[in-house]
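Undergrad: I am attaching a structure below and will ask some questions about it afterwards.
The values are calculated or read from the model by the stated rules, or taken from the named source; none is laboratory data. These numbers were taken from a predicted model, which means no experiment stands behind them. Positions of Cβ are generated from backbone atoms using ideal geometry, with glycine treated the same way; all protein chains shown enter the neighbour counts.
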Amino acid sequence: MLEPLHRWIWRDPERRAHKLLRFGDTETDGGRDLVRAAELTSDPLLRRLYLVHAEDELRHGEMFRRRGAELLRTLPPNLSKDGFQADWLAPSGHGADDLSVDGRDDVLLAFLHLSEKAAASRFTVYHGVLRDDAPTCAIFEEILRDETFHMNYALTQLARVSPEHHQQRLWRARLGRLWKAYLRLATAITGLIGGLILTIQYFVILPPFAWLAKRAERREPTGWSPVSPARNGSLKRQY
Ligand SMILES: [Fe+2]
Ligand SMILES: [Fe+2]
């Protein structure tokens, strides 16, 4: 349903390049978090999987950055600036939520499963609208295969480490994502309302004060005026 919108977002070559560079940063960031998760886990199988996953994410970051840089080089130099990125309409694969690594494997795996699932569905859309750009399309295709593997292994391992509570963990992770999305939306709306109120204040409340100040200025005598003898006392003290 949103395909025409995504087609429009990705059509601009400059925006495409900057988006890929940002995606690269998100993937690399995720890779670093997974290395930390591998350090903290006491489960040898999970450690291996986290390290494979981290390697994949770091590679994705590299692929996105390389392609973004290639596209930037094809643009005229004066065009290359960081413009409107439509990040809230077409976010990076793993979304805006940061991975929180605190050594709880079940919580982490539930979060990973959902964020990889979101990444897989976003990348499917981006892959579909980028068919005219074969090299970028091929990158999304390759990354999409990895994200599907990440999504599946996270769910299988969650069911293994928490056989009785894995559904509960998934629901908690879903609610957590929903809550964070609500907070982001509320922050954006609050920012908009704040901007609107300040603009109204600027145009409605400020003009009368400006008019009063101008009127008072007209009454002020110009130039130096002598100090009255009552105030013209000794200068030996401060007050
Ligand atoms: Fe990835
Ligand atoms: Fe991934």
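Undergrad: Six or more apart or on different chains, Cβ under 6 Å: which pairs go from a residue in the stretch 22-36 that's of a type in the set (Asp, Glu) to one that's in a helix (DSSP H, G or I)? Could you list them?
TA: Note: pairs meeting the criteria are GLU27/GLU57; GLU27/HIS60; GLU27/GLY61.
Undergrad: Can you confirm whether ARG48 is at pLDDT 95 or above, in a helix (DSSP H, G or I), within 16 Å of ASP146 (Cα to Cα) and more than 14 Å from ligand 2 (Cβ to nearest atom)?
TA: yes
Undergrad: Which numbered condition in (1) closer than 21 Å to ASP98 by Cβ; (2) surrounded by 15 or more Cβ atoms within 10 Å (Cβ to Cβ); (3) not β-branched (Val, Ile, Thr) is the only one that GLY68 fails?
TA: Of the numbered conditions (1) closer than 21 Å to ASP98 by Cβ; (2) surrounded by 15 or more Cβ atoms within 10 Å (Cβ to Cβ); (3) not β-branched (Val, Ile, Thr), the odd one out for GLY68 is (1).
Undergrad: Out of (1) among the acidic types (Asp, Glu); (2) at pLDDT 70 or above; (3) part of a loop (DSSP other than H, G, I, E, B), what's the single condition that is false for ASP82?
TA: The one condition ASP82 does not meet is (2).
Undergrad: Checking THR222 against (1) over 30 Å from ASP105 (Cβ atoms); (2) among the β-branched types (Val, Ile, Thr); (3) within 16 Å of ligand 1 (Cβ to nearest atom), only one condition comes out false. Which one?
TA: (3)
Undergrad: Select from the stretch 120-131 the residues that are within 16 Å of GLY68 (Cα to Cα) and not hydrophobic (A, V, I, L, M, F, W, C) and list them in ascending order.
TA: TYR126, HIS127
Undergrad: Where in the stretch 116-219 are there helices (runs of 4 or more DSSP H), lying wholly inside it, with at least 2 residues that are loosely packed, with under 10 Cβ neighbours inside 10 Å?
TA: Helices (runs of 4 or more DSSP H) meeting the threshold: 166-204, 206-219.
Undergrad: Also, quick follow-up: Please pick out the residue among LEU158, LEU175 that is farther than 23 Å from TRP8 by Cβ, in contact with an Asp or Glu (Cβ under 8 Å, 6 or more places away or on another chain) and without any contact (Cβ under 8 Å) to a residue 60 or more places away in the chain.
TA: LEU158
Undergrad: I'm checking my understanding of the structure. Among residues of the stretch 37-60 that are away from ligand 1 (no atom under 14 Å from the Cβ) and touching a residue at least 60 places away in the same chain (Cβ under 8 Å), which one is nearest to the chain's Cα centre (by Cα)?
TA: We begin by selecting, within the stretch 37-60, every residue away from ligand 1 (no atom under 14 Å from the Cβ); these are 37-49, 51.
Now restrict to residues that are touching a residue at least 60 places away in the same chain (Cβ under 8 Å): 37, 40-41, 43, 45-46, 49.
Values: ALA37: 22, LEU40: 26, THR41: 27, ASP43: 31, LEU45: 31, LEU46: 28, LEU49: 26 Å.
Residue satisfying both the conditions and the ranking: ALA37.
Undergrad: Condition first: within 11 Å of ligand 1 (Cβ to nearest atom) and acidic (Asp, Glu). Now tell me which residues in the stretch 105-154 satisfy that.
TA: GLU116, GLU142, ASP146, GLU147, listed by residue number.
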